[in-house]
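I have placed the structure first, in the form of structure tokens, so that the comments after it can refer back to it.
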């Protein structure tokens, strides 16, 4: 277990890009002008104000019940498969990566980031196979990256000309995946990191590149960063989100750190009101998901990497997005997380009122590497046995003790051991001296037939273990008879 926890910590700190990548440095006046442009907010209960969002928003029950989702970073950066999903930024602004790029593809004035577009083919992509894999992994919702910081859209966009239908794979990747995922009965969301694109590339001075090529300068967003260009960019950001909302009716709309600043409130509120009013006409519960108080109302809170997740039980629902590789995008020769570590992270998050959004990293040809598929299926096998202790549960008054984590469903308490308790199980929190908790009437181990022997006294609940393990990684004891209210 110590090794697994060390790997999780390593994910959180080793070679991690800065988490506070900003959107454009701009003014409220420019943002408000961008918000005033474009389509009006559709009629409905939500107005583009924090008071209205706070008054009318209700977190969907399905989000509280789901617990486990699959996130993914799939885009042009999967072609070089080097450094990280920030490859575009690094190849123009990091001398070491520029050198690597030149050695493998040519100098950036001869072979720029744009030249990866025709290499992003998705030739071997089967969205139905992906969706079946995700269902077998036990995930309840799927969130692909519709657009990353590089500004290349994976959907059929009339707003963003740099998209996967007009270029590259010549397919509506978001549309095709949404249909396949929903056919499996799963929820489908989209993430949009596009607001960070305007100032994402910071080229090294004096190094020749293709960033000012007249045909591509708008794609790179380096040649013109004037206030007028910024306003136009922000208008496009709003319009692209509205397009995603209308075309794909996402169950979750997920934003990265770039929207966090209060300066962007006018356009953030416009998108939120648009989304929630549209969802009211669809008749389905949806939600935004954002970070660091970007939306002080109307959003699930997301934490990037487990090291930043809450360390204790919270009063609010949240997710942690955690990559299975060191980086979020596919990179060659990256170590991969263990199923053991992922399951324990899922259990820990669930006990604290959170959920796990596990990020996978497909290749540019549309395949999910075998080791990632194996990992997902191992998690799914565990959930086949233990899902009752995860899905649809709510936290107890405390998240756990020692290596035990608690979840509840009605008056049933699940005590999930993070590892096989070779020295036996004694849950001190269930001592008869714990006032009002009640008397345990039965104990089961999920995946094991029949009841287990137990005793409850002032020292706690002692459970006699069966001879064999019913599964791997973590073990769920179902405890009945208590008064959990």
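Here are some notes:
- Remark: relative contact order (the chain) = 19 percent; criterion is Cα-Cα distance under 8 angstrom and separation of 6 or more residues.
- Simple spin-label estimate for residue 29 and residue 420 gives 7.0 nm between the two label positions (7 Å along the Cα-to-Cβ direction from each Cα).
- Helix axis angle, 127-136 relative to the chain longest principal axis, alpha carbon, degrees: 20
- Rounded to 10°, Cα long-axis angle of helix 173-183 versus longest principal axis of the chain: 30
- Between helix 95-104 and the chain: long-axis angle, C-alpha atoms, 0 to 90°, nearest 10: 80
- Contour minus Cα-Cα distance for residue 246 and residue 284 (0.36 nm per residue): 12.3 nm
- Beta bridges by DSSP in the stretch 2-389, antiparallel share as percent, to the nearest 5: 5
- Under 19 Å from a label point set 7 Å out along the Cα-to-Cβ vector of residue 121, the amide N atoms of the stretch 166-181 belong to 166-173.
- Percentage relative contact order, the stretch 292-403, counting C-alpha pairs under 8 Å, at least six apart: 26
- A value for semi-axes √(5λ) of the Cα gyration tensor in Å was derived from the coordinates, and within the list [x] 43, 26, 19; [y] 36, 31, 23; [z] 55, 25, 23 it appears as [x].
- Ranking of 162, 382, 62 by count of other Cβ atoms within 10 Å, fewest first: 62, 162, 382
- Likely footprinting exposure, 282, 216, fewest C-beta neighbours within 10 Å first: 282, 216
- Inter-probe distance in nm under a simple model that places probes 7 Å from Cα toward Cβ, at residue 166 and residue 377: 4.0
- Separation of the stretch 444-485 and the stretch 108-122, taken as the distance between their Cα centroids, equals 56 angstrom.
- Calculated FRET efficiency for the pair residue 308/residue 49, C-beta based, R₀ 30 Å, to 0.05: 0.50
- Spacing of the two label points (7 Å from each Cα toward its C-beta) at residue 441 and residue 111, in nm: 7.0
- Note on residue 228/residue 370: beta-carbon distance plugged into 1/(1 + (r/R0)^6) with R0 of 51 Å gives a FRET efficiency of 0.55.
- FRET efficiency for residue 434 and residue 158, using Cβ-Cβ distance with R0 set to 60 Å, rounded to 0.05: 0.50
- Helical contribution to [θ] at 222 nm, DSSP H n ≥ 4, -39,500 (n - 2.57), averaged over the chain, rounded to 500: -9000 deg cm²/dmol
- Relative contact order (%) - the stretch 400-482, alpha-carbon pairs under 8 angstrom, separation at least six: 39
Each reported figure results from applying straightforward, stated rules to the coordinates on display, with no laboratory input. Remember, predicted model here, so these are calculated numbers, not experimental data. Because the Cβ atoms are built from the backbone with ideal geometry, glycine has one as well, and the counts that use them run over all protein chains shown.
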